[in-house]
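Down below is the structure, laid out as structure tokens.
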Amino acid sequence: MPSPHAVAGMISRLNDPHYARWASQVRRTGGCRQPIHLRGRVDHIDQATGELIHRYSTRTEPGGVLRVPCKTRRASRCPACAETYRADTYQLIRAGLIGGKGVPETVTAHPCLFVTLTAPSFGSVHTRREKNGKVLPCHARRDAPTCPHGRVMSCTARHGSEETCLGEPLCPDCYDYAGSVLFNALSPELWRRFTLALRRRLARAAGLTQRELREQAVVSFAKVAEYQRRGVVHFHAVIRLDGPDGPTSPPPAWATADALADAVRHAASAVAVTAPAVTDEPARVLRWGAQLDVRSITMGGELTEQAVAAYIAKYATKAAECVGTLDRRINPLDDLAALPIREHARRLIAECFRLGVFAELADLRLPQWAHMLGFRGHFSTKSRRYSTTLGDIREERTEHMRTEAVSTGRLPLFEEDTVLVIAEWEYAGQGYSLGDALLAAALIGVPLADPGGQR
Ligand SMILES: [Zn+2]
Ligand SMILES: [Zn+2]
Ligand SMILES: [Zn+2]
């Protein structure tokens, strides 16, 4: 039941003489739950004469602001914008696999792998495994040992796919929480070392120096981080081998999918990163987990390019909140016990704050990234030559919207290079008031979550 305050707000918006314009702005945000308010103007000036041809100002807009999509990638914050991000990421990944967006179609003939690099174990957790369509017992062991905390390290349950215990330790007191958050924090460095080792291995296998390798082939990749339910990240990556000029040039004859797969396996097992020792914690050498999945991406094969692009794009919009933590920063002064999170996540977060006080680990900025369980890397990244960029894809859409605005008569049509466009924008807030949120929901189905969104 909406509050009287919200209803009053809704009625006053409906009676506002600018209602139609407000509604049209809301529609144009594409269902964004927390649109950003911009104040400013755009001037179109004739370069030859200095004459002002056209001025758009938000002064005439409802509330004096333009509402634009928040463009978040996080589905938990704004499903509509996250969907746009997902679709853009899909296009980007797909272009690197089959061409398009400036990448030639011949790229399909380049060796290309879909690789999953996992985290090692930090203790037994409840899991759901299937074999031939049947769910297996979680951790069935006939002679299961009892841990120092008196817990039998066995679980014979066949867990359902939505059970909350999945990913939780059999014994939280035995679980290596420090190892888990340190792995998350150091995984971007481990990934970086992996890519270097991969190039080294490729060069050695082909009998080349590093420099000679660069003259013959380029390794391109696009990767995404996924949180497993136990709260550690692992990476899914498309790794492709091109000729020296990237996707436009054919790879040399020695650069086969098998050669690439061999180098991936070698590099994954060879690299390590060391977390320094601190009081109560020994130094630890962190490596990738034993589970390494390397598959060839082939047109019409078992693993298709659509499947890979869809998979990566899906994970690009998910984050740590999927494993029961929060999707925003946690203040060290917050009462952790009062946060609405899973106990396992709470202990991982507490570990970030505990380790964060040690000077040796200050670089990892664990307290700032406690809500991400220590991971501070980018969710989706790609090497420069993989394919197009998200920025270019967005630019294309903006261009499309502008063309639309011109054809519907809101902007005069003019020659691109004779007109100077000067835009000045300032941030003027975000989100909807309670009443506006009700109306927006009626207009375009914006979910009513987070009604306190107006800031
Ligand atoms: Zn949004
Ligand atoms: Zn279990
Ligand atoms: Zn124990």
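What follows draws every value from the coordinates through simple rules; no lab data is involved. Computed from a predicted structure; not experimentally measured. So basically every Cβ, Gly included, is an ideal-geometry build from the backbone, and we count neighbours across all protein chains shown.
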- Item | J(HN,Hα) series, segment 195-210, from Karplus relation 6.51 cos²θ - 1.76 cosθ + 1.60, nearest Hz, glycine and proline x | 5, 5, 5, 4, 5, 4, 5, 4, 4, 4, 4, 8, x, 10, 7, 4
- Applying the gyration tensor rule to the Cα atoms of the chain (axes a ≥ b ≥ c; rounded if a/c under 1.5, else prolate if a/b exceeds b/c, else oblate), the class is oblate
- Query: Any idea what angle helix 4-15 forms with the longest principal axis of the chain, computed on alpha-carbon atoms, 0 to 90 degrees, nearest 10?
  - Reply: 40
- How many lysine pairs does the chain hold where the Cα atoms are under 17 Å apart and the two sit 8 or more places apart or on different chains? 7
- Note on the structure: In degrees rounded to 10, the 0-90 angle between helix 79-98 Cα long axis and the longest Cα principal axis of the chain is 60
- Item | Rounded, prolate or oblate (a/c below 1.5 giving rounded, otherwise prolate when a/b exceeds b/c) for segment 1-88 by Cα gyration tensor | oblate
- Query: Once both axes come from the Cα atoms, what is the angle between helix 257-270 and the longest principal axis of the chain, in degrees from 0 to 90, rounded to 10?
  - Reply: 70
- Item | Point-charge dipole on Cβ atoms (K/R +1, D/E -1) for the chain, about Cα centre, debye to 20 | 980
- Item | Tensor-based shape of segment 188-277 (alpha-carbon gyration tensor, a/c under 1.5 rounded, otherwise prolate or oblate) | prolate
- Task: Please give the calculated 222 nm ellipticity per residue for the chain, where each DSSP H segment of at least 4 residues contributes -39500 (n - 2.57) and the sum is spread over every residue; nearest 500 deg cm²/dmol?
- Result: -10500 deg cm²/dmol
- Which order results if Ile36, Ile11 are arranged by neighbouring Cβ count within 10 Å, fewest first? Ile11, Ile36
- Hey, if you drop one equal point scatterer on each alpha-carbon of segment 1-148 and run the Debye formula without solvent, what base-10 log of I(q)/I(0) do you get at q = 0.15 Å⁻¹? -1.04
- Whole-number value, in Å³ per residue, for the convex hull of the alpha carbons of segment 73-206 is 233
